[in-house]
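Here is the structure we will look at, set down as structure tokens.
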Amino acid sequence: MDLSFLKQSEVKAFIKANEQTDVQKLLLNPPTEFKNHIGLIADQILSRRKAKSKLPEWYANHDLIMPPPLSLEQCSSPATGTYKSNIFSGETLVDLTGGMGIDTLYLSDQFKEVHHVERNHQIHEVFVHNLQALQKTNVQAHHTNAEDFLGQFDQKAYFFIDPARRSESKSRVFLFEDCSPNVIELLPLFHQKAEKVLIKAAPMIDVSLAISQLENVSEVHVVSVRNEVKEVLFLLDYQNQTDNEPMIKCINLDTDQSEFCFLTSEEKSIKSEYSEMKNYLFDPNASILKAGAFKLTGNRYQLNKIAVNTHFYTSEQFRENFPGRVFEIIEKDINKKNISKSVPNGKVNVLTKNYPQKPDEIKKKLKVKDGGELYLIGFKDHVNKPQFVLAKRV
Ligand SMILES: C[S@@+](CC[C@H](N)C(=O)[O-])C[C@H]1O[C@@H](n2cnc3c(N)ncnc32)[C@H](O)[C@@H]1O
């Protein structure tokens with residue numbers, strides 16, 4: 001990547017002025033003076049578009065150069081970066097898959113000495129430039145692969161790793177073996193050199209399988225931002241090795257919901273109490289559902305569950321501090337044929353769980369539109385019968 005070209009003020013101005021331009025048209029019909037570097041310019045425009053909502057501070061800083069668009073898709077957000085920086089701290093940190101460096105930079109505030117390792121030359125070069133622009137003095141960038149760096153590293157350290165998926169077509173499957181580097185193959189080296197290791201995995205990872213493949217897992221963090229699971233973090237503790245099972249922590253950032261922590265053995269040891277829908281419906285946040293605390297959610301908040309596979313909970317009374325959404329039931333057993341009686345203006349938000357049809361199909365069939373305060377909530381009850389209730393958020 002010709003960084004000196006991207007640093008020129010007229011190039012920066014052109015990129016800024018063409019923020020909204022159709023990139024395909026620009027590639028086909030580039031201005032003569034930028035003809036030889038139009039691919040680089042197009043990438044900067046595309047990456048800046050992604051940065052605008054994901055990394056507003058980077059977008060606003062014109063001294064920074066953006067890495068290719070894929071790096072922006074893969075990097076952490078400020079919310080999850082900050083969250084990780086509170087998980088571990090120490091003397092020396094090695095980020096084995098540095099990428100755009102968002103995680104490196106957030107974590108660097110917690111360590112004296114930091115190493116950013118990246119095997120892609122272009123991404124490495126961009127990071128070196130941005131490091132200078134951001135005046136970060138405790139971070140060193142290394143252009144090499146994680147396996148070699150770790151093999152040659154001869155001191156004890158904390159390691160962070162956020163592996164890249166090898167094939168984007170496998171986006172629905174997530175296994176450590178399908179990623180680069182393969183974390184499982186690095187475990188013997190971690191055993192020799194790590195004080196702690198923090199592994200970032202994609203939301204679709206199978207948490208129990210991952211725990212069984214890794215070693216010394218002391219904590220699992222299932223991190224959502226506004227009810228969407230963004231990442232699953234595994235903390236391996238080589239300083240205090242025990243046979244204790246890991247604490248699973250479910251967190252929903254950018255909300256006022258408190259953390260929900262549990263052990264898998266706790267979840268396995270209890271039974272749910274089931275009932276029909278009562279006055280209030282409780283919908284746990286996405287992190288809790290991802291972590292599989294299906295029985296404990298009801299147990300901790302003294303709620304009845306609706307059905308084994310319907311992860312809605314209910315009670316006669318409201319519960320303060322429930323980590324999820326709470327709805328007050330207005331009408332039960334809604335008759336679909338007579339929906340206009342319950343929803344007179346035709347506006348209702350549709351929400352389903354373990355229901356045969358998706359919200360969009362239901363909206364089309366019932367001829368209702370999103371909006372308003374009311375929610376039409378579909379689910380299968382304890383005798384497996386699909387039903388609807390009408391509710392509003394508390
Ligand atoms: C998911 S991204 C990391 C994003 C980073 N955490 C951030 O916040 O910007 C993974 C990065 O690891 C790099 N990578 C993949 N395999 C690697 C390897 N074996 N050694 C070093 N880097 C590798 C990729 O080029 C990519 O930039």
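The values are calculated or read from the model by the stated rules, or taken from the named source; none is laboratory data. Owing to the predicted nature of the structure, the values given are computational and were not obtained by experimental measurement. Here the Cβ is made from the backbone with ideal geometry for all residues, glycine too, and neighbour counts use every protein chain on show. What goes into the accessible areas is simple: the full protein's heavy atoms, side chains included, and nothing from ligands, DNA or RNA. Shrake-Rupley method; radii C 1.70, N 1.55, O 1.52, S 1.80 Å.
Roughly how many Å is it from the Cα centre of the stretch 65-92 to that of the stretch 365-379, as a whole number?
Each part's Cα centre sits 38 Å from the other's.
Along the charge dipole of the chain, which of 23, 133, 350 sits closest to the positive end, that is, farthest toward it, with unit charges on the beta carbon of Lys, Arg, Asp and Glu (+1, +1, -1, -1)?
Checking the options against the dipole of the chain, the answer is 350.
Arrange the residues 124, 62 by how much accessible surface each exposes, largest first, with a 1.4 angstrom probe.
Values: 124 25, 62 70 Å².
The most accessible residue leads, giving 62, 124.
What is the list of residues in the stretch 200-237 whose amide nitrogen lies under 17 Å from a point 7 angstrom out from the Cα of residue 166, following Cα to Cβ?
202
Order the peptides 221-232, 92-103 from the highest to the lowest mean number of other Cβ atoms within 10 Å of their residues. Write out the running numbers ahead of the final one.
Numbers: 221-232: 20.7, 92-103: 25.3.
Top of the packing list down: 92-103, 221-232.
For the chain, what is the accessible area per residue in Å² when the probe is 1.4 Å?
Values: 19480 Å² over 394 residues.
Per residue, the chain has 49 Å² of solvent-accessible surface.
If you average the alpha carbon positions of the stretch 1-41 and of the stretch 200-272, how far apart do those two centres end up, in angstrom?
One Cα centre to the other: 44 Å.
Tabulate in residue order the Karplus-calculated ³J(HN,Hα) for the stretch 187-201, using 6.51 cos²θ - 1.76 cosθ + 1.60 with θ = phi - 60°, rounded to whole Hz; enter x for Gly and Pro.
Values per residue, Gly and Pro as x: 4, x, 6, 4, 4, 7, 10, 9, 8, 9, 10, 10, 10, 9, 10 Hz.
What angle do you read, to the nearest 10 degrees and between 0 and 90, between the alpha-carbon axis of helix 38-54 and the longest principal axis of the chain?
40
Of all beta bridges DSSP finds with both residues in the chain, what is the antiparallel percent, to the nearest 5? Walk me through the numbers on the way to the answer.
Values: 41 of 73 bridges.
Antiparallel: roughly 55 percent of the beta bridges in the chain.
Just the ratio, please: alpha-carbon radius of gyration of the stretch 188-345 over 2.2 N^0.38 Å, N its number of residues. List each step's numbers first, then the result.
Values: Rg = 19.0 Å, N = 158, 2.2 N^0.38 = 15.1 Å.
After normalising by residue count via 2.2 N^0.38 Å, the value is 1.26.
In the stretch 277-373, what GluC sites (Glu not before Pro) fall in a loop by DSSP, with at most 13 other Cβ atoms inside 10 Å? Mind dumping the intermediate values first?
On the way: sites: 316, 320, 328, 331, 361, 373; in loops: 316, 320, 373.
Qualifying residues, ordered by number: 316, 320, 373.
Can you give the charge dipole size of the chain about its Cα centre, rounded to the nearest 20 debye, using +1 on the beta carbon of Lys and Arg and -1 on the beta carbon of Asp and Glu? Let's see the in-between values first.
On the way: 50 positive and 51 negative charges, 458 e Å.
Charge dipole of the chain: 2200 debye, to the nearest 20.
Please give the length that would be gained between residue 258 and residue 16 if that part of the chain were fully extended, namely 0.36 nm times their separation in residues minus their C-alpha to C-alpha distance (nm, one decimal).
Details: separation 242, 0.36 × 242 = 87.12 nm, distance 4.07 nm.
Gain in length upon complete extension: 83.0 nm.
Between 341, 278, 380, find the one with the highest GNM mean-square fluctuation for the chain; connect C-alpha pairs within less than 10 Å.
Its mean-square fluctuation being the largest, the pick is 341.
How big is the charge dipole of the stretch 40-114 about its Cα centre, in debye rounded to the nearest 20, if each Lys and Arg gets +1 on its Cβ and each Asp and Glu gets -1 on its Cβ?
On the way: 7 positive and 9 negative charges, 76 e Å.
The dipole magnitude comes to about 360 debye.
If you place +1 on the Cβ of every Lys and Arg and -1 on the Cβ of every Asp and Glu, how big does the dipole about the Cα centre of the stretch 268-393 come out, in debye to the nearest 20? Walk me through the numbers on the way to the answer.
Values: 25 positive and 13 negative charges, 84 e Å.
Once rounded to the nearest 20, the dipole reads 400 debye.
Heavy atoms of the protein only, probe of 1.4 Å, neighbouring chains included. What is the accessible area of residue 300 in Å², nearest 10?
90
Once Lys and Arg get +1 and Asp and Glu get -1 on their Cβ, which of 286, 114, 314 lies farthest toward the positive end of the dipole of the chain?
Farthest towards the positive end: 314.
Heavy atoms of the protein only, probe of 1.4 Å, neighbouring chains included. What is the accessible area of residue 7 in Å², nearest 10?
100
Would you look at the GNM of the chain, springs on alpha carbons closer than 10 Å, and say which of 252, 29, 349 moves the most?
Ranking 252, 29, 349 by mean-square fluctuation puts 29 first.
Please state the Cα pair-distance histogram of the chain with 20 angstrom bins from zero: what percent is in each bin?
Per 20 Å bin, starting at zero, the Cα-Cα P(r) for the chain comes out as 24, 46, 28, 2 percent.
More than 16 Å apart: what percent of Cα pairs in the stretch 3-66 qualify? Mind dumping the intermediate values first?
Details: 789 of 2016 pairs.
Here the long-distance tail beyond 16 Å is 39 percent of all Cα pairs in the stretch 3-66.
For the stretch 154-250, what is the percent of antiparallel DSSP beta bridges, rounded to the nearest 5? The partial results should precede the final answer.
Numbers: 16 of 25 bridges.
The answer is about 65 percent antiparallel.
State which entries of 200/290; 84/230; 196/290; 200/249; 249/278; 52/290 exceed 18 angstrom in Cα-Cα distance in the structure shown. Intermediate results must be reported in sequence, preceding the final value.
Working: 200/290 15 Å; 84/230 12 Å; 196/290 24 Å; 200/249 14 Å; 249/278 29 Å; 52/290 29 Å.
Long pairs (Cα-Cα over 18 Å): 196/290; 249/278; 52/290.
Expressed as a whole percentage, what fraction of the accessible surface of the chain belongs to carbon and sulfur atoms when a 1.4 Å probe is rolled over the protein heavy atoms? Show your work: numbers first, answer last.
Details: 8930 of 19480 Å².
Of all accessible area on the chain, carbon and sulfur atoms account for 46 percent.
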